[in-house]
């Protein structure tokens, strides 16, 4: 893309990140947040970063990146009934309208002094959005899509440069969602997609609305995420199993799929019973005498229908006695980088959370992605692993098990290929802003 100059104040660029924070409980979203911060710091070491979160109050997030401690402010944009919150969306919108109407800098400064949260957003030089990686769509429901879109519209109202970071775009099944998406995409400064299908989708979406839109394809930002050894986990267990020449297979179970989606009624139209499939996969893997299975949640406990931890715990209770000493559950709470480290102890992974799969692939570990949306294929394709994606909406149980078995038997060759392709993907995403001046 052409270079873009960013004006900055007091020798420090101020960048706001939307659609990724540390308060969702989804470790994939956490991975996106930390990866984006790492990528931004790689380009602008002295940047001030603010995350627009979805929590209930502002807080500070402390991270260790590249040998330095950094503090990132997280500012919620609330859509609650309490419209008197100083960081409520309606209040931000009102202040934004007033800021555009006020005639002088002096009167604007008075307005900004009345709300430090709005001041933070108003003084931002650049806004980057990733919408949770796959949230710029209505497949998760219109409410979720509209809330995310209103945040983007607020940024557009304030006249800020909006960068759409590598993510999946669409599908938009609702005409309202499609119109809103077109409105937003027409007003962005740059658009990145993490798969070629999304590039084509955006071009098709905008074909009658703009002729000079440039959409670039780059890998998922989480390929740049660092792993971090947990402080409190019994890693001797895996070390001892290694001495017995065991092959450790990670199995990531999606609580969302396990419970049938938010509707609890096969919301994503899977062709096979997901719960039954999980038990069949375990049975398939443990037919190999040297294999042990490690159940790896990628969603923190306490998130109801989405909780991987609850789903993994239920499966472990059902299988633990039958396969005693051969199936294990990762217990406790670990952050995104620590779970990536745990996944790094595996030789092979079968995952339904895409960022659990990325945690494996980015470390050269073969991973089979059990897909429920189009997002998987393109992300795997970015490292030459698209043949490891199995679409649960299109394939039955026998086909799925056969594909997992084939990938497992060929895991050494797959790992060799990943060690060649992943470094290039990581370099590309780490240098995404090299042309920004």
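The values are calculated or read from the model by the stated rules, or taken from the named source; none is laboratory data. On a predicted model such as this, the values are computed, not experimentally measured, just so you know. Cβ placement follows ideal geometry from the backbone for every residue including glycine, while neighbour counts extend to all protein chains displayed.
A few remarks follow.
- Of all residues in region 323-338, exactly one satisfies the criterion of being touching a helix residue (DSSP H, G or I) at 6+ places or on another chain (Cβ under 6 Å) and in a helix (DSSP H, G or I), namely 336.
- Scanning region 189-198 turns up one or more residues that are more than 17 Å from residue 135 (Cα to Cα), part of a loop (DSSP other than H, G, I, E, B), at pLDDT 90 or above and in the same structural domain as residue 139 (by TED's automatic domain parsing).
- Filter result (touching a residue at least 24 places away in the same chain (Cβ under 8 Å) and out of contact with any strand residue (DSSP E or B) (no Cβ under 8 Å at 6 or more places or on another chain)) within region 136-148: 138, 139, 140, 141, 142, 146, 147
- Looking only at residues in region 263-272 that are in contact (Cβ under 8 Å) with a residue 40 or more places away in the chain and out of contact with any helix residue (DSSP H, G or I) (no Cβ under 6 Å at 6 or more places or on another chain), the one that is nearest to residue 398 (Cα to Cα) is 271.
Rundown of residues vs (1) part of a strand (DSSP E or B); (2) crowded, with 19+ Cβ neighbours inside 10 Å; (3) outside the structural domain of residue 337 (by TED's automatic domain parsing), yes/no style:
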site	(1), (2), (3)
36	no, yes, yes
49	yes, yes, yes
55	no, no, yes
62	yes, no, yes
70	yes, no, yes
93	no, no, yes
97	no, no, yes
107	no, no, yes
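- Given (1) over 25 Å from residue 19 (Cα atoms); (2) modelled with pLDDT under 90; (3) surrounded by fewer than 19 Cβ atoms within 10 Å (Cβ to Cβ), index of the condition residue 241 fails: (3)
- Screening region 67-105 for residues that are touching a residue at least 24 places away in the same chain (Cβ under 8 Å) and within 27 Å of residue 41 (Cα to Cα) and picking the one that is farthest from the chain's Cα centre (by Cα) gives 87.
- Looking across region 205-227, the residues that are outside any strand (DSSP E or B) and at pLDDT 90 or above come down to 205, 206, 218, 219, 220, 221, 222, 223, 224, 225, 226, 227.
- Residue 181 being assigned to a helix (DSSP H, G or I), touching a strand residue (DSSP E or B) at 6+ places or on another chain (Cβ under 9 Å) and at pLDDT 95 or above: yes
- Condition check for residue 357: part of a loop (DSSP other than H, G, I, E, B) and surrounded by 22 or more Cβ atoms within 10 Å (Cβ to Cβ): no
Conditions (1) outside the structural domain of residue 79 (by TED's automatic domain parsing); (2) farther than 26 Å from residue 435 by Cα; (3) assigned to a loop (DSSP other than H, G, I, E, B), marked per residue:
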position: 118; (1), (2), (3): no, yes, no
position: 121; (1), (2), (3): no, no, no
position: 127; (1), (2), (3): no, no, no
position: 132; (1), (2), (3): no, no, yes
position: 145; (1), (2), (3): no, yes, no
position: 150; (1), (2), (3): no, yes, no
position: 155; (1), (2), (3): no, no, no
position: 162; (1), (2), (3): no, no, no
position: 172; (1), (2), (3): no, yes, yes
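- Meets criteria (over 18 Å from residue 30 (Cα atoms), surrounded by fewer than 24 Cβ atoms within 10 Å (Cβ to Cβ) and at pLDDT below 95) for residue 333: no
- Residue in region 254-264 that is loosely packed, with under 14 Cβ neighbours inside 10 Å and either more than 24 Å from residue 151 (Cα to Cα) or at pLDDT 95 or above (or both) present: yes
- Answer from 301, 297 - the residue that is in a loop (DSSP other than H, G, I, E, B) and crowded, with 24+ Cβ neighbours inside 10 Å: 297
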